[in-house]
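Down below is the structure, laid out as structure tokens.
The values are calculated or read from the model by the stated rules, or taken from the named source; none is laboratory data. Keep in mind that what you see is a predicted model, and the values were worked out from it rather than measured. No Cβ is skipped: glycine too gets one built from the backbone with ideal geometry, and neighbour counts run over all protein chains shown.
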């Protein structure tokens, strides 16, 4: 009995704080079939995989295209390590996403994700970010892109574009 009551209370607490399961229903129906284009194959593949797993059909024959441009992965140089003193290296990923309808832009937004890594005197600093850091960047960007596509502004633009044709 106590266990059941704790589970119910736990679930109520989670829903009260805003935790809700996500579904493709949040996206406008018209963009649940989407074309994804990017100058960077890695982010394009990551987006296609993530959006497909959310139930969004990815095809080149959709009138709606998510265009990823201005992809920039940058880093700040770690300051010189002084004996025993920590140093930091910072990495950031920036890109622009545009939602197109029949090759005309209907919405656009810039996205970024950044991470600082603390290095101690025993740490090796590599000039390229690690695969796990890149994956974290992609996950952050994909989540923010999905949330952007579900905003009321984007939904209005999708409806407006659909009525214009």
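The set of residues in region 34-45 that are more than 16 Å from residue 72 (Cα to Cα) and either touching a helix residue (DSSP H, G or I) at 6+ places or on another chain (Cβ under 6 Å) or surrounded by 15 or more Cβ atoms within 10 Å (Cβ to Cβ) (or both) comprises 34, 35, 36.
In the condition set (1) in contact with a strand residue (DSSP E or B) (Cβ under 9 Å, 6 or more places away or on another chain); (2) within 30 Å of residue 129 (Cβ to Cβ); (3) surrounded by 11 or more Cβ atoms within 10 Å (Cβ to Cβ); (4) modelled with pLDDT of 60 or more, residue 77 is compliant with all but (3). Considering the conditions (1) surrounded by 15 or more Cβ atoms within 10 Å (Cβ to Cβ); (2) under 21 Å from residue 42 (Cα atoms); (3) over 11 Å from the mean Cα position of the chain (by Cα); (4) modelled with pLDDT of 90 or more, residue 134 is excluded by exactly one of them, (4). Selection of region 58-72 for residues being part of a strand (DSSP E or B), free of Cβ contacts under 8 Å to residues at least 40 places away in the same chain and out of contact with any helix residue (DSSP H, G or I) (no Cβ under 8 Å at 6 or more places or on another chain) yields 65, 67, 69, 72.
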